[in-house]
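**Student:** Submitted below is the structure of interest, expressed as structure tokens.
No lab work stands behind these numbers, since they all come straight from the coordinates. In this text, all values refer to a predicted model and were calculated from it rather than measured experimentally. When we count neighbours, we look across all protein chains shown, and the Cβ atoms used for this are built from the backbone with ideal geometry, even at glycine.
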Amino acid sequence: MDLQKIIPYRKMSLKELLVPENKLMALIAIVLTALFFIGVIIYLIHGHHAYGVTREHPWGLLIAMYIFFVVSSTGLCIVGSFGDVFGFKDYMAVSKRAIFGSIITILSGFAVIAFEIGHPITMMIYNVLSPGLTSAIWWMGTLYGIYLTFMVIEFIFLMRNDMKNAKIFGLFGLLVGLAAHSNLGGVFGFLNARVVANGVFYPTYFILTAFITGIYLIFLMYGYKYRGKPFPEDVTKALINFMKIQGLLLAILMFFETWKMLTGVYGGMPERADVIMHILHTKSFWLGEVMCGMVIPFLLILKSKGTAIKSMVWASFIGMIGIFYMRYDLVHDAQLFPMQTLKIREYQLPPSFVDYFPSSTEMMIGFGGIGICLILYFLGTKLFDLDSMPEHH
């Protein structure tokens with residue numbers, strides 16, 4: 001079977017493929033990936049005892065990193081769909097790179113979550129043999145599997161310049177991706193026992209932050225590609241448009257977050273108000289989520305009136321740090337309040353907030369996923385022509 005007929009790619013030797021374009025980035029990617037495999041080996045030897053999670057705090061850094069990657073994937077899918085699905089010519093220049101990015105980020109997310117599930121092979125078998133139709137987590141896994149399939153097929157048609165089929169599979173991929181991602185928000189929204197998370201906020205919040213993340217990442221991709229060089233006119237036009245959209249999205253996100261906090265503390269509802277007040281006294285919220293994730297990029301967009309692309313690249317790097325804190329705080333904050341809230345014996349101390357800090361193994365696997373993502377991206381940029389403009393027929 002000639003793979004070239006299925007998906008056009010550049011033929012090159014293994015040596016040419018592995019020669020790094022940027023030695024510093026290659027070193028970072030290799031070190032992170034090596035740490036990932038070291039963490040995996042430690043996990044396979046010790047099991048979940050290698051993690052910092054407990055019965056009181058069962059979800060840890062790996063869940064947060066999985067959400068981080070799938071948020072990125074959905075966001076890049078939305079960004080890519082502007083050109084190849086909806087046919088906006090101003091955004092066509094970034095479609096291929098965005099769709100490729102959506103594939104590698106979700107693969108990286110799957111690589112991380114595989115070592116949190118416990119028995120990933122068994123899970124995939126019984127996911128088909130005994131589907132849990134009433135389980136939000138079952139729907140999440142199933143929909144993301146379908147989404148990945150559509151994204152791969154869409155990318156193949158994009159590379160073959162078959163825009164008719166790329167649009168069809170891209171549309172299905174976008175719809176399934178949005179369904180999967182809002183369902184991931186529903187995994188938290190359905191937590192009746194965790195009132196700080198329960199409700200309709202997270203399904204919509206996840207879609208909003210996905211779009212924001214996708215725009216941050218597309219700036220980072222092109223900022224790295226054209227470092228020290230002028231941006232092409234078509235890419236400049238697309239990025240300026242996305243920068244202005246980002247300003248609106250960040251304003252909406254700040255509006256959402258403000259009302260989430262106000263409704264959380266209003267009335268002093270036990271547990272919910274306690275957790276929100278605890279969040280409002282943490283540096284990770286104010287410095288990570290608010291300043292890095294929202295305020296700094298938003299102020300830069302306002303100051304430049306949405307035209308300072310190179311400055312926005314650096315703001316996007318800061319923004320991605322904020323996005324990580326959003327994902328980490330989301331997972332941690334939902335589990336802050338202990339489930340046992342009453343003293344059952346006189347000599348017991350009243351329960352306090354649950355403490356959690358990731359173990360070194362969790363950090364190696366979680367952040368090592370970034371290394372896998374970087375290596376896949378660098379290999380993809382060599383193998384595939386991600387810059388040629390697809391043409392509508």
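**Student:** Among 298, 119, 95, whose Cα sits farthest toward the positive end of the charge dipole of the chain (+1 at Cβ of Lys/Arg, -1 at Cβ of Asp/Glu, about the Cα centre)?
**Tutor:** Farthest along the dipole direction, towards plus: 95.
**Student:** Near residue 339, within a Cβ-to-Cβ distance under 13 Å, what is the net charge of the other residues, with Lys and Arg +1 and Asp and Glu -1?
**Tutor:** Combined, the nearby Lys, Arg, Asp and Glu give 0.
**Student:** For the range 149-225 and the range 244-307, write down the distance between their C-alpha centroids in whole Å.
**Tutor:** 21
**Student:** What is the distance, in nm, between label points placed 7 Å from the Cα along the Cα-to-Cβ direction at residue 241 and at residue 226?
**Tutor:** 1.5
**Student:** Still on this structure, please answer the following. Let me check I've understood the local charge: for residue 103, count other residues with C-beta under 15 angstrom from its C-beta, Lys and Arg +1, Asp and Glu -1. What total comes out?
**Tutor:** Residues near residue 103 contribute 0 overall.
**Student:** Within 12 Å, Cβ to Cβ, of residue 194, how many net charges do the neighbouring residues add up to if Lys/Arg are +1 and Asp/Glu are -1?
**Tutor:** Net charge around residue 194: -1.
**Student:** Let me ask something additional. Given contacts defined as C-alpha pairs under 8 Å and at least six residues apart, what's the relative contact order of the chain, whole-number percent?
**Tutor:** 31
**Student:** Same structure, new question: For the pairs 5/225; 15/310; 89/303; 229/382; 164/310; 11/237, note any where the Cα-Cα span goes beyond 24 Å. Please list the in-between numbers first.
**Tutor:** Numbers: 5/225 28 Å; 15/310 33 Å; 89/303 27 Å; 229/382 19 Å; 164/310 34 Å; 11/237 31 Å.
From the list (5/225; 15/310; 89/303; 229/382; 164/310; 11/237), the Cα-Cα distance tops 24 Å for 5/225; 15/310; 89/303; 164/310; 11/237.
**Student:** For residue 16 and residue 204, what does the FRET efficiency come to when R0 = 45 Å and r is the distance between their Cβ atoms, rounded to the nearest 0.05? Write out the running numbers ahead of the final one.
**Tutor:** Working: r = 46 Å, r/R0 = 1.02.
Taking R0 as 45 Å, the efficiency between residue 16 and residue 204 is 0.45.
**Student:** Now, a different point. Exposed loop trypsin sites (Lys or Arg not before Pro) only (DSSP loop, at most 16 other Cβ atoms within 10 Å): please give the longest stretch of the chain free of them, not including the sites.
**Tutor:** Here the longest run is 56-159.
**Student:** What helices does the chain hold that run 20 Å or longer along their axis, going by alpha-carbon atoms, with a Kyte-Doolittle average of -1.0 or more, using DSSP H for the helix calls?
**Tutor:** Values: long enough: 23-46 (34 Å, 2.41); 61-84 (34 Å, 1.79); 95-117 (33 Å, 1.43); 136-159 (34 Å, 1.64); 163-189 (37 Å, 0.98); 201-225 (36 Å, 1.18); 233-265 (48 Å, 0.89); 309-334 (36 Å, 0.79); 360-383 (34 Å, 1.34).
What comes out of the filter, once short or polar helices are dropped, is 23-46, 61-84, 95-117, 136-159, 163-189, 201-225, 233-265, 309-334, 360-383.
**Student:** Per residue of the range 8-14, what does 6.51 cos²θ - 1.76 cosθ + 1.60 with θ = phi - 60° give for ³J(HN,Hα)? Whole Hz please, x for Gly and Pro, Karplus curve as stated.
**Tutor:** 3J(HN,Hα) across the range 8-14, in whole Hz: x, 8, 7, 7, 8, 6, 4.
**Student:** Using +1 on the beta carbon of Lys and Arg, -1 on that of Asp and Glu, and nothing else charged, what's the dipole of the chain about the Cα centre, debye to 20?
**Tutor:** Around 760 debye, computed over the chain.
**Student:** Please state the charge dipole magnitude for the range 248-393, taken about the Cα centre, from unit charges on C-beta atoms (+1 on K and R, -1 on D and E), reported in debye and rounded to the nearest 20.
**Tutor:** Details: 10 positive and 12 negative charges, 65 e Å.
The dipole magnitude comes to about 320 debye.
**Student:** Mean separation of Cα pairs under 8 Å and 6+ residues apart, divided by the residue count of the range 281-380: what relative contact order is that in percent?
**Tutor:** 23
**Student:** For a quick protection proxy, order the peptides 331-338, 214-221, 178-185 by their average other-Cβ count within 10 Å, most packed first.
**Tutor:** 214-221, 178-185, 331-338
**Student:** Using square roots of five times the C-alpha gyration tensor eigenvalues, list the equivalent-ellipsoid semi-axes of the chain in whole Å, biggest first.
**Tutor:** They are 36, 25, 20 Å, listed from largest to smallest.
**Student:** If you don't mind, another one. Would you work out which of 370, 217, 73 lies farthest towards the positive end of the dipole of the chain, given +1 charges on the beta-carbon of Lys and Arg and -1 on that of Asp and Glu, about the Cα centre?
**Tutor:** 217
**Student:** Give me the distance between the Cα centres of the range 77-132 and the range 1-66, rounded to whole Å.
**Tutor:** For the range 77-132 versus the range 1-66, the Cα centre distance is 16 Å.
**Student:** At 222 nm, what helix-only mean residue ellipticity would the chain give, in deg cm²/dmol to the nearest 500, using -39500 (n - 2.57) for each DSSP H run of four or more?
**Tutor:** -23000 deg cm²/dmol
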